[in-house]
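Below is one structure, written out as structure tokens; comments come after it.
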Amino acid sequence: MSKTLPFSQVFAIGLMLFAMFLGAGNVIFAPMVGQEAGTNVWLAMGGFLITGVGLVLLAIIALTRGGGTVEKLAGRVHPTFAVVFSILLFLTLGPIYVIPRTTSVVFEIGINPLITNGSNIQWFLLVFSISFIALTVWLSWNTTKFIDHLGKIITPIFGILLIVLVVKSIFTPMGAIREPQDNYLSDVFMKGFTQGYYTMDVLAAFVFGGIFIKSISTLGVTSEKEVSKLFIKAGVITIIGLVALQLSMAWIGASSVDAIGYQENGGAVLAQSAKALFGDIGIYLIGFIIFLTGITTNVACLAAVSEYFERIVPSVSYKKWLLIFSAFSIVFTNFGLNAVLNMASPVLLLLYPLAIALIVLIFTNNLFKGRQSVYIGTMIGVGIVAILDALKDAGIGQEALNNLFGFIPLFENGAGWITTGIIGFAISLFIAKTRNEPVSIINMAGQEVKKVS
């Protein structure tokens, strides 16, 4: 008989899941949206919350319905696609982007404001990155119960400190909300929509979701139906926390311009805002928050990517992968936060549309009866434009691509993949029905039932 957990336990599980997503990098994008969107901040945040928060819960549920791992979910398209997508996903969540971004954010917010000699900043970054990532490796060496225990400590502390920071910014605001910058004068909602990509939370859900599912299986909840219900309840708690976090960060950014001016990145916005609100002690306050959340994210991501590569290359042990990926992370970190964000941006613009399409397909699986051709056709439609968006973001033929493909609705806004994905879906569904392709239905328990149509 399946065990029913009390609300206190469900709430603790929700906090644990929230802690998995609560990374230092998670708090640097909404402040920039706030600063740049100005009086349009809430419209921009509407789009931001859809991709940066709302899709997280859907991604987790999609993962449970798609087999429990990202490889099985992506395998519905094709085995080769599953391998390529998974490798890109885990590398991005590990040494290419998330670990360098998190380490850079912790440095930018917690250490950089304390440095008086700006000429030596690169050396400070090098020493800090080696030390911080070495600590990450040490904590990742044996991850048994680490995320669970640390999450239960970090989340309440972070919540209290964040409330102190936000309440202070509300009762003694840093200034009035300014007029929007040029890039937020039009297409504000879609701009926020694409900015939500950079939180990486939807992609992280594909990685952390499997860890979460395994963790709740040890609590005596054996019924698949109860596991799903528990997962949704914990997900709702997580979403509430993420919404509160991002809206708070956006408010701080929007109200900060009079006090600190326009900053280059969200890390600088938070650091300078904390100093403006609390004086020098504010630097230590925000630094402590970011340090705790940063180390949690680094450990979770480094452990996840190392475990994945150990599975696909078993001749190299988990601990060796830890050392390999930590070395790459140190190298990428020392390019600096802005460089890390710029380097990873094209990859995110490729991966995020593919991830969103996978989520939509798994939820609509029974409508097209799980025919593989529909998965393939949709991903081709999405993938072609996602590649073009990635090229544009990398500065490769931006004007020429806009001229050639500008006829595609939403293309210039970075969302043209929605249109081509729908077209690919429709064409492939017609072909699949014509071929009388075998079908695959997912029942209420998330179990797959295959049969010949």
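The values are calculated or read from the model by the stated rules, or taken from the named source; none is laboratory data. It should be emphasised that the depicted structure is a prediction, and the values quoted were computed from it without experimental measurement. Glycine also receives a Cβ, built like all others from the backbone with ideal geometry; neighbour counts cover every protein chain displayed. Just the protein is used for accessible areas: all its heavy atoms, side chains included, with ligands, DNA and RNA removed. Shrake-Rupley method; radii C 1.70, N 1.55, O 1.52, S 1.80 Å.
Tabulated data for the structure shown
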read-out: Unit charges at the beta carbon, dipole of the chain: most positive-side option, Gly175, Thr333, Gln35; value: Thr333
read-out: Evaluated at q = 0.19, 0.26, 0.32 Å⁻¹: base-10 log I(q)/I(0), Debye formula over Cα of the stretch 307-348; value: -0.68, -0.82, -0.95
read-out: Share of alpha-carbon pairs per 5 Å distance bin for the stretch 1-117, given as whole %; value: 2, 9, 10, 15, 18, 16, 13, 10, 4, 2, 1, 0, 0
read-out: Options Gly279, Leu367, Ile295, ranked by Cα towards positive dipole end of the stretch 252-387, top entry (Cβ charges); value: Leu367
read-out: Over the stretch 243-372, volume per residue of the alpha carbon convex hull, in Å³; value: 172
read-out: Potential lengthening between Met190 and Glu264 on full extension [0.36 nm per residue; Cα-Cα distance subtracted]; value: 24.5 nm
read-out: Above-threshold pairs, the threshold being 29 Å between Cα atoms, out of Lys320/Lys392; Lys72/Lys433; Lys72/Lys319; Lys72/Lys320; Lys72/Lys233; value: Lys320/Lys392
read-out: Linear extension gain, Ser8 paired with Trp42, 0.36 nm per residue minus alpha-carbon span; value: 8.9 nm
read-out: Rounded to the nearest 20 debye, dipole of the chain from Cβ charges on Lys, Arg, Asp, Glu; value: 1580
read-out: Per-residue HN-Hα couplings for the stretch 421-434 [Karplus 6.51, -1.76, 1.60; θ = phi - 60°; Hz; x = Gly/Pro]; value: x, 5, 5, x, 4, 5, 5, 5, 5, 4, 5, 4, 5, 4
read-out: Two-site label geometry, Ile232 and Phe291: point separation in nm, points 7 Å out along Cα→Cβ; value: 4.2
read-out: Tail weight of P(r) past 29 Å, computed on alpha-carbon pairs of the chain, percent; value: 48
read-out: All Cα pairs of the stretch 304-453, percent lying beyond 23 Å; value: 56
read-out: Zone of Ile427's modelled label, taken as backbone nitrogen in the stretch 352-378 under 19 Å from a point 7 Å along Cα→Cβ; value: 354, 357-358, 361, 371-378
read-out: Quotient of C-alpha Rg and 2.2 N^0.38 Å, computed over the stretch 52-139; value: 1.52
read-out: Two-decimal log10 I(q)/I(0) for the stretch 270-315, as the Debye equation yields it once each C-alpha is a single scatterer, q = 0.19, 0.27, 0.29 Å⁻¹; value: -0.63, -0.85, -0.90
read-out: Computed accessible area, Lys229, all protein chains, 1.4 angstrom probe, square angstrom; value: 90
read-out: Difference of contour (0.36 nm per residue) and Cα-Cα distance, Thr419 to Val84; value: 118.2 nm
